[in-house]
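To keep things clear, I will list the structure first and then write my remarks on it.
The values are calculated or read from the model by the stated rules, or taken from the named source; none is laboratory data. The model shown is predicted, which means the values in this text are computed figures rather than measured ones. Here the Cβ positions follow ideal geometry from the backbone for every residue, glycine too, while neighbour counts run over all protein chains shown.
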């Protein structure tokens, strides 16, 4: 009986790992200290776990968490509220519709898949802020943020994959 | 990096309904944020106050690292830089002498003309404990807040010029909206010529200039200072230099470099409200021309016919007077204005 309780508690803890990592990513990315003198835009660290587990374990990374992470990003980044919440949801909608295709990608293809999802989020945010300010904003800062995010994902995907294999694991019904 | 081996935990498209609901919620949040931004601002200020000690701990080694990284390339051009600085120093000494002489002359003229002296400025010194260079917001966080007397709207300057304005204050921290930020609008004066304009940030390093008059000729190199219009910012704070925009129009190259500023001053400026001069009956055009002052027209009964049945009109304390076109405005007696 104790063994079952231990397994259950470990299961619950491991299920919290994706969201915890995403929250940590948002916190780190929005820490207002630049490691490169502010010349490079901070990456969307919170979006990486969101994308990864929205594909492989959507039961752990639900639309609610996409919304929650977006609101947290809005709160900490200092921008207008709701912008990243709506943008993360737009990217989640794309992932949700194309999950089979995105999950089947490997190598550079997997990176391109992530880049398309991140581009959806960035372009959505750009469009919303442009509409809110009723002016066409310079595109370079958003594209810089996208580029840094995609480059970092190249390394982050190995860490996320390792965490998924060792700690989170596939859904029980998938066995 | 292979995703091919991942097994899907849910059939495709299973999240459609929550997605739609949450998207509606996000749009509502955007609209609420547009109408009531102070709800989010208060939460941000609390988060920054809470994180301030951690920011101060992390800031010191990182700013040292940033300085070191920036200085690596400078080692190779120390000699050239030194020569250039010596030359610049000699030129600045000449300008300093000129400025001292002119300052004395201006003070003498002010004394002769009985001019109102410039308002004195008090300032709070603060350290930059955080910077955020996001695509849609360029800001910095200072370690001074309401407890130190910092208020939204105050100007933030460093040794070279203006950096931005305070837009959010916590108890011990405050957020600065940089001049380059998209939401920054500052009334400025361009010298020489005393040309008035609005400096508008657009998230690039050089803000744009919106001239208030079309018949103005600017040239690159003109100096831009705050105009003080609106009474929030003190006039004459150095901002930058006018440069031609290749895309048309003009931009401003800022004197201050917000990316390298460490210690800044928050300028407290409160212009005293200027009382309007009292109006006497003799100064009015009709009276001055020898005509009798225009009598107020007889008061018309309130229009009750348009009101719905059951609603009574509010009681009127004074008869409503509608000035006719061309008639002299009603004269305010000294008792009414309270000035005399």
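So that you can scan it fast, the table gives a plain yes or no per residue for (1) surrounded by fewer than 21 Cβ atoms within 10 Å (Cβ to Cβ); (2) within 11 Å of chain B (Cβ to nearest Cβ):
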site: A:10; (1), (2): yes, no
site: A:19; (1), (2): yes, no
site: A:26; (1), (2): no, no
site: A:46; (1), (2): no, no
site: A:50; (1), (2): no, no
site: A:67; (1), (2): no, yes
site: A:90; (1), (2): no, yes
site: A:94; (1), (2): yes, yes
site: A:98; (1), (2): yes, yes
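Of everything in the range B:86-136 that is touching a helix residue (DSSP H, G or I) at 6+ places or on another chain (Cβ under 8 Å), more than 14 Å from chain A (Cβ to nearest Cβ) and without any contact (Cβ under 8 Å) to a residue 24 or more places away in the chain, the residue that is farthest from residue B:183 (Cα to Cα) is B:115.
Candidates are the residues of the range A:72-88 that are within 7 Å of another protein chain (Cβ to nearest Cβ) and at pLDDT 90 or above; the one that is surrounded by the fewest Cβ atoms within 10 Å (Cβ to Cβ) is A:86.
Filtering the range B:147-185 to residues that are within 13 Å of residue B:41 (Cβ to Cβ), modelled with pLDDT of 85 or more and in a loop (DSSP other than H, G, I, E, B) leaves B:152, B:173.
Residues of the range A:124-141 that are over 15 Å from the mean Cα position of the chain (by Cα) and free of Cβ contacts under 8 Å to residues at least 40 places away in the same chain: A:126, A:127, A:130, A:131, A:133, A:134, A:135, A:136, A:137, A:138, A:139, A:140. Right, residue B:221: in a loop (DSSP other than H, G, I, E, B), over 14 Å from residue B:163 (Cα atoms) and over 19 Å from the mean Cα position of the chain (by Cα) or not? Judged against the criteria, residue B:221 is a match.
Has the range A:142-161 got any residue that is over 24 Å from residue A:49 (Cα atoms), in contact (Cβ under 8 Å) with a residue 12 or more places away in the chain and either surrounded by 16 or more Cβ atoms within 10 Å (Cβ to Cβ) or touching a strand residue (DSSP E or B) at 6+ places or on another chain (Cβ under 8 Å) (or both)? Within the range A:142-161, not a single residue is over 24 Å from residue A:49 (Cα atoms), in contact (Cβ under 8 Å) with a residue 12 or more places away in the chain and either surrounded by 16 or more Cβ atoms within 10 Å (Cβ to Cβ) or touching a strand residue (DSSP E or B) at 6+ places or on another chain (Cβ under 8 Å) (or both).
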